[in-house]
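J.: This is the structure, below, for whatever I ask next.
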Amino acid sequence: MALERAGLLRPGRNFTATLKPGVHGITALLQDSGGLTAGAGISMTVTTAAPAPATNTRAVVKILSPAANSTNGTGAIRFTATAMDAEDGDISSKIRWHSSVQGYFGQGANFTATLKPGVHGITALLQDSGGLTAGTGIRITVQ
């Protein structure tokens with residue numbers, strides 16, 4: 001196989017070659033046992049490779065209040081959490097709060113909510129700009 005810019009690449013059926021950016025004429029030639037030669041060629045444009053995409057890591061979400069396994073009154077309960085992402089920084093404002101008893105009940109890093117009496121599985125979830133979902137959960141009792 002011959003390359004217009006670089007000369008002979010490599011004999012054989014299969015091989016790998018690294019080409020510089022630009023337009024290349026590539027010709028495959030063969031010679032049969034009777035000495036006859038045949039070939040075919042193509043033109044190919046090589047561009048620079050795109051940079052590898054940045055690694056996307058999952059955010060770290062921490063519920064600060066209420067405390068896990070705490071017992072809370074029926075009034076307003078303060079919910080506080082943080083979410084740090086290596087690529088996006090502080091994304092605590094994206095946290096969506098869910099209760100196993102009531103479903104979605106709020107969004108953000110710091111707010112109050114009133115929940116129905118019972119044992120609640122509380123989940124703080126979010127999605128970062130790279131599409132990864134992160135979250136954490138606790139259990140609380142509301143009297």
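The values are calculated or read from the model by the stated rules, or taken from the named source; none is laboratory data. Quick caveat: nothing in here was measured; it's all calculated off a predicted structure. Glycine gets a Cβ as well: all are built from the backbone with ideal geometry, and neighbour counts include every protein chain shown. SASA here: full protein model, heavy atoms, side chains in, ligands and nucleic acids out. Shrake-Rupley method; radii C 1.70, N 1.55, O 1.52, S 1.80 Å.
J.: Pick from the range 45-94 the residues that are within 27 Å of L19 (Cβ to Cβ) and in contact (Cβ under 8 Å) with a residue 24 or more places away in the chain: which of them is least open to solvent (accessible area, probe 1.4 Å)?
T.: V46
J.: Answer yes or no as to whether A124 is small (G, A, S), in contact (Cβ under 8 Å) with a residue 40 or more places away in the chain, touching a Leu at 6+ places or on another chain (Cβ under 6 Å) and surrounded by 14 or more Cβ atoms within 10 Å (Cβ to Cβ).
T.: Answer is no for this residue.
J.: Another one. Only one of these is of a type in the set (A, V, I, L, M), at pLDDT below 95 and in a strand (DSSP E or B): A83, A124, A52, A40. Name it.
T.: Result of the check over A83, A124, A52, A40: A40.
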